[in-house]
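Structure, as structure tokens:
The values are calculated or read from the model by the stated rules, or taken from the named source; none is laboratory data. Note that this is a predicted model, so its numbers are computed, not measured. Methodologically, a virtual Cβ is constructed for each residue, glycine included, from the backbone with ideal geometry; neighbour enumeration extends over all protein chains shown. Accessible surface is based on the protein model in full, side chains and every heavy atom, while ligands, DNA and RNA are left aside. Shrake-Rupley method; radii C 1.70, N 1.55, O 1.52, S 1.80 Å.
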Amino acid sequence: MTESGYQDREQSEIKHHAIRLYLEAAARIVGSAFDIKYVDCCAGPWNSRDSEYRDTSFGIAFDVLKASHAELAKRGRVLSIDCLFIEKEPDHFRLLDAFAKKQTSLGIKVRAENWDFVERIDDIVHYCSPRGAFPFILIDPWGWKLAGISQISPLLKLKPGEVVINLMSSFITRFVNDPATDLSDLLGEDFPELRKLSGTELEFAVVRKYCDLIKREGKFSYVCALPVMKPDTDAFNFYLIYATRHPKGVEVFKQVEKRTEELTHLVRADVQRRQRQEKTGNFELFDSQVLYRERKYQQLAEENRVRAKKRVWQLLAESDSVSYDDCWAEALQFPAVYQSDLREWLTEWEKDGKLQVKGRKKPTEVLKRSYGHSLALPGKSR
Ligand SMILES: C[S@@+](CC[C@H](N)C(=O)[O-])C[C@H]1O[C@@H](n2cnc3c(N)ncnc32)[C@H](O)[C@@H]1O
């Protein structure tokens, strides 16, 4: 999308779209009860082409938080929002600092620091810890080393708090088989087990393992992974890992995932058209979606629907009765799986007499989270 200023780094466009959607929803929900501390641990700017930095994670966050502050103030809720933007490279930092110093928006304090965020974790924790504050942490480093659990553990333990981490899955899967690379901080001591796997199975296992470790370390209730594709290849580039302790967060993030997928296909279709035009020299008149080709996302969705369905069935088989909410949480933590998929499986099982549903106020009531619906396999329910 040349006109968006993201040409040749469309994966950043997709990432920024997801960050914007997530923060727009989360800041309004969280901001009605808490003050907000927003920390971008690897802020940049990096490859920005916009003089106002509207194409950077920090520029987008500031913009969204400013709008959320104004929106909440209109509703009579005046909160304080503080932003801490961290950047290690002095050249990038100078630009970041100039941006921070320019922002004088009422109610939002912006501070930039020339830190290595790993070395200053205690300062970040201290910054995030006043009573009544809710920290949002973004960790978006180059490569994968700084996403290691021991490096970021104190940030994961901030409570309340939510974390978004860029997991460079495309690099990591390449290094799993390299005997010289120790991935234990990222994927656990037993990571060599992953060497038995390949292709989409390996990619799934890497992301799942990382999510499980993040969940355990931060005692999060839910961890979701939003896939970001490469713009010009039928492959995933990285995943945005999102950790929360609240089901509402999952609801919001799955909507973000859906809308990000929509943008992904639009952006990639434009890139494919540009490549065709460069090759043939012919200008195409029809919509770029007409000739769009993509298989990887569909494959991920198909495979994850099978995995999630199996997992929900397993959950039901393990207990006498399982709440719909627990099945929902389990299913939706699989990338590209949505509530509509879960409802489809449950309807199918119920129709086939394989599942009993309890707690419906009337027989036609649609299964919903927080409605007290519970599920059991016949013969198991008490
Ligand atoms: C991928 S770029 C960030 C892009 C930015 N989040 C965005 O989406 O616009 C990574 C940035 O993190 C910085 N960085 C790398 N290691 C860091 C560290 N340990 N502490 C702070 N910043 C770091 C790099 O200099 C670079 O500017």
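Tally time: how many residues in the stretch 100-122 are more than 12 Å from the ligand (Cβ to nearest atom) and on the phi < 0 side of the Ramachandran plot? Selection size over the stretch 100-122: 12. It is to be established whether one or more residues within the stretch 18-26 are among the hydrophobic types (A, V, I, L, M, F, W, C) and within 9 Å of the ligand (Cβ to nearest atom). Yes, that holds for at least one residue.
For the stretch 63-86, filtered to residues that are under 17 Å from Phe99 (Cβ atoms) and either open to solvent by less than 10 Å² (accessible area, probe 1.4 Å) or hydroxyl-bearing (Ser, Thr, Tyr) (or both), the residue that is nearest to the ligand (Cβ to nearest atom) is Ile86. Here Phe62 passes the criteria (1) farther than 24 Å from Trp142 by Cβ; (2) of a type in the set (A, V, I, L, M, F, W, C); (3) touching a Cys at 6+ places or on another chain (Cβ under 7 Å) except the one numbered (1). Looking only at residues of the stretch 215-242 that are farther than 23 Å from Arg305 by Cβ and either modelled with pLDDT of 95 or more or open to solvent by less than 20 Å² (accessible area, probe 1.4 Å) (or both), we find that the one that is nearest to the chain's Cα centre (by Cα) is Phe220. When you scan the stretch 173-181, do you find a residue that is closer than 21 Å to Lys230 by Cβ, part of a helix (DSSP H, G or I) and in contact with a strand residue (DSSP E or B) (Cβ under 9 Å, 6 or more places away or on another chain), even just one? No, that holds for no residue.
Quick check: is even one residue across the stretch 271-286 open to solvent by 60 Å² or more (accessible area, probe 1.4 Å), more than 19 Å from Glu13 (Cβ to Cβ) and of a type in the set (A, V, I, L, M)? Within the stretch 271-286 (the criterion being open to solvent by 60 Å² or more (accessible area, probe 1.4 Å), more than 19 Å from Glu13 (Cβ to Cβ) and of a type in the set (A, V, I, L, M)), the answer is yes, since at least one residue qualifies. Look at the stretch 35-51: where a residue is outside the structural domain of Lys15 (by TED's automatic domain parsing) and within 19 Å of Ile81 (Cα to Cα), no partner that is open to solvent by 10 Å² or more (accessible area, probe 1.4 Å) and part of a strand (DSSP E or B) sits 6+ places away or on another chain with Cβ atoms under 9 Å. Looking only at residues of the stretch 302-322 that are part of a helix (DSSP H, G or I) and of a type in the set (A, V, I, L, M), we find that the one that is most open to solvent (accessible area, probe 1.4 Å) is Val306. Of the set (1) part of a helix (DSSP H, G or I); (2) in the same structural domain as Gly161 (by TED's automatic domain parsing), all apply to Cys327 but (2).
Every test in (1) modelled with pLDDT of 95 or more; (2) surrounded by fewer than 21 Cβ atoms within 10 Å (Cβ to Cβ); (3) closer than 26 Å to Glu10 by Cα is passed by Arg49 save one, and that test is (1).
Could you list, in sequence order, all residues of the stretch 108-124 that are surrounded by 14 or more Cβ atoms within 10 Å (Cβ to Cβ), without any contact (Cβ under 8 Å) to a residue 60 or more places away in the chain and in a helix (DSSP H, G or I)? If the condition is that a residue be surrounded by 14 or more Cβ atoms within 10 Å (Cβ to Cβ), without any contact (Cβ under 8 Å) to a residue 60 or more places away in the chain and in a helix (DSSP H, G or I), then Ile121, Asp123 are the ones that fit.
Conditions (1) free of Cβ contacts under 8 Å to residues at least 40 places away in the same chain; (2) among the β-branched types (Val, Ile, Thr); (3) open to solvent by 30 Å² or more (accessible area, probe 1.4 Å), marked per residue:
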site	(1), (2), (3)
His92	no, no, yes
Leu95	no, no, yes
Ile139	no, yes, no
Gly143	yes, no, no
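Scanning the stretch 27-60 for residues that are more than 13 Å from the ligand (Cβ to nearest atom), in contact with a strand residue (DSSP E or B) (Cβ under 7 Å, 6 or more places away or on another chain) and not in a loop (DSSP other than H, G, I, E, B) returns Ala27, Val30, Asp35, Ile36, Lys37. Of all the criteria given as (1) within 19 Å of Gln255 (Cβ to Cβ); (2) among the small types (Gly, Ala, Ser); (3) buried (at least 16 other Cβ atoms within 10 Å of the Cβ), the one not satisfied by Ser370 is (3). Here Asp325 passes the criteria (1) open to solvent by less than 30 Å² (accessible area, probe 1.4 Å); (2) touching a residue at least 60 places away in the same chain (Cβ under 8 Å); (3) of a type outside the set (Ser, Thr, Tyr) except the one numbered (1).
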